[in-house]
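S.K.: The structure's right below; bear with me while I get my questions together.
Bear in mind these aren't lab numbers, they're just calculated from the coordinates by the rules spelled out. In this text the structure is predicted, and so the values were computed from the model without any measurement. A quick note on method: Cβ atoms are made from the backbone with ideal geometry, for glycine too, and the neighbour counts reach across all protein chains shown.
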Amino acid sequence: MNQEVKSGKILSPSTPWTERGVPGIEVPDEQQALKATFTEPTVECPECHALVTRTAMTFNAYVCPQCDEHLRMKARDRLTWFFDQVKTELGQEFVAKDPLKFVDSKPYPERMVEAQKKTGESEALIVMQGTLKDVAMTACAFEFDFMGGSMGTVVGDRFVQAAERAIALKQPFICFAASGGARMQEGMLSLMQMARTSAAIQRVKEAGLPYIVVLTHPVYGGVTASLAMLGDVHIAEPKAMIGFAGKRVIEQTVREKLEEPFQRAEYLLDHGVIDQIVHRHALRDTVYRIVTKLMNLP
């Protein structure tokens, strides 16, 4: 026999309707409340805080589809996005050492292991050779998540090797810069990479090959003072922070408040430091046009 419960009492089907309970809506508690879920990892835009799936961000070259903010790209993702076809990767044989036995809050080798686990890369610079619209090029990109894209001896080794390979194959050399500067854990050896990379760039130019720098967010320190500002053409992404010393350091030195857009790409363009600002979606075509023009290619 069908029965229902009212206030702890069992009611029979013959119970008058006036004595039956009124059906209601059960309201779940806060812990059981339904929440929006995504079927895949999402990326939050730091500007408008929109949540976009990682797949959508990848197809959009990590440009926010809501507000057009340029998010940081991993070095490997950037190079595979830049090239139509990657032919080879260079510099994997170079391994960082600990010549100074440097220890701050933890030993240098431990920091390296942490950075390698975090990024999946062995160092802060990735070098690849490939083709862009049938034009063979050599390109390198800094991985900022690897100890702030700092420049140590291995970064110098890989950059110099890339420059020499570009000269040997008569290819243009493209650099996507994103760094906090020299790596303090390697001391003077790190600072010497400024001279090494500058000399390598000079050899590229003497060979009559273009060296193009793409300044992404952010570029500071010894990288700005060397390889990032020695290009034949300097392209920057929108709103990229570019400088030598940081904004707070300069404010403490000159004892003045520096307002936006100080050290932004737009500010540097107005003051003649860089040549142009290019949206990421137009970057491949822009680099291709510059390369074909400088190398007198059809």
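S.K.: What is the stretch 203-298 by shape, rounded, prolate or oblate, if you read a ≥ b ≥ c off the alpha carbon gyration tensor as root eigenvalues and call it rounded for a/c under 1.5, prolate for a/b larger than b/c, and oblate otherwise?
M.R.: prolate
S.K.: Report the relative contact order of the chain, percent, no decimals, based on alpha-carbon pairs under 8 angstrom and at least 6 residues apart.
M.R.: Reported relative contact order: 12 percent.
S.K.: Going by average Cβ neighbours within 10 Å, how do the peptides 230-236, 285-291, 177-183 rank, with the highest at the top?
M.R.: With the highest mean Cβ count within 10 Å placed first, the list reads 177-183, 230-236, 285-291.
S.K.: Continuing with this model, one more query. Rounded to the nearest 500, what is the chain's calculated 222 nm mean residue ellipticity when only DSSP H runs of at least 4 contribute -39500 (n - 2.57) each, over all residues?
M.R.: -9500 deg cm²/dmol
S.K.: Between VAL254 and SER105, what is 0.36 nm times their sequence separation minus the Cα-Cα distance? Round to one decimal in nm.
M.R.: 50.5 nm
S.K.: Can you work out the FRET efficiency for the pair PHE262 and GLU93, with r the C-beta to C-beta distance and R0 = 45 Å, to the nearest 0.05?
M.R.: With a Förster radius of 45 Å, E is 0.65.
S.K.: Sticking with this structure for a sec: Hey, for a label at MET295 modelled as a point 7 Å past Cα toward Cβ, could you say which residues of the stretch 153-193 have their backbone N under 20 Å away?
M.R.: 159-177
S.K.: Using modelled amide H (1.01 Å from N, peptide plane; none on Pro or chain starts), what sits under 5 Å from the amide H of ILE274, excluding residues fewer than 5 places away?
M.R.: Hits under the 5 Å cutoff: LEU269.
S.K.: Let me ask another. Does the stretch 37-145 come out rounded, prolate or oblate, given a ≥ b ≥ c as the square roots of the eigenvalues of its C-alpha gyration tensor, rounded meaning a/c under 1.5 and, failing that, prolate meaning a/b above b/c?
M.R.: oblate
S.K.: Check the straight Cα-Cα distances from LYS247 and name the lysines below 21 Å, setting aside those fewer than 8 residues away within the same chain.
M.R.: LYS239, LYS257
S.K.: Which entry is the computed Rg/Rh (Cα atoms, Kirkwood Rh) for this structure: [x] 1.15; [y] 1.24; [z] 1.02?
M.R.: [y]
S.K.: Let me ask something else about it. Determine the distance separating the Cα centre of the stretch 225-298 from the Cα centre of the stretch 65-134; give it in Å without decimals.
M.R.: 21
S.K.: Turning to a different aspect of this structure: May I ask you to list the lysines whose Cα is less than 17 Å away from that of LYS205, ignoring any residue fewer than eight positions away on the same chain?
M.R.: Cα-Cα hits under 17 Å: LYS170, LYS293.
S.K.: Run the numbers for ALA207 and MET184: contour at 0.36 nm per residue of separation, minus the present Cα-Cα distance, in nm.
M.R.: Here the answer is 5.0 nm.
S.K.: Sticking with this structure for a sec: At 15 angstrom or more along the helix axis (alpha-carbon based) and mean Kyte-Doolittle of 0.0 or higher, what helices does the chain contain? Whole DSSP H runs only.
M.R.: Counting only whole DSSP H runs, the qualifying helices are 153-169, 187-206, 283-294.
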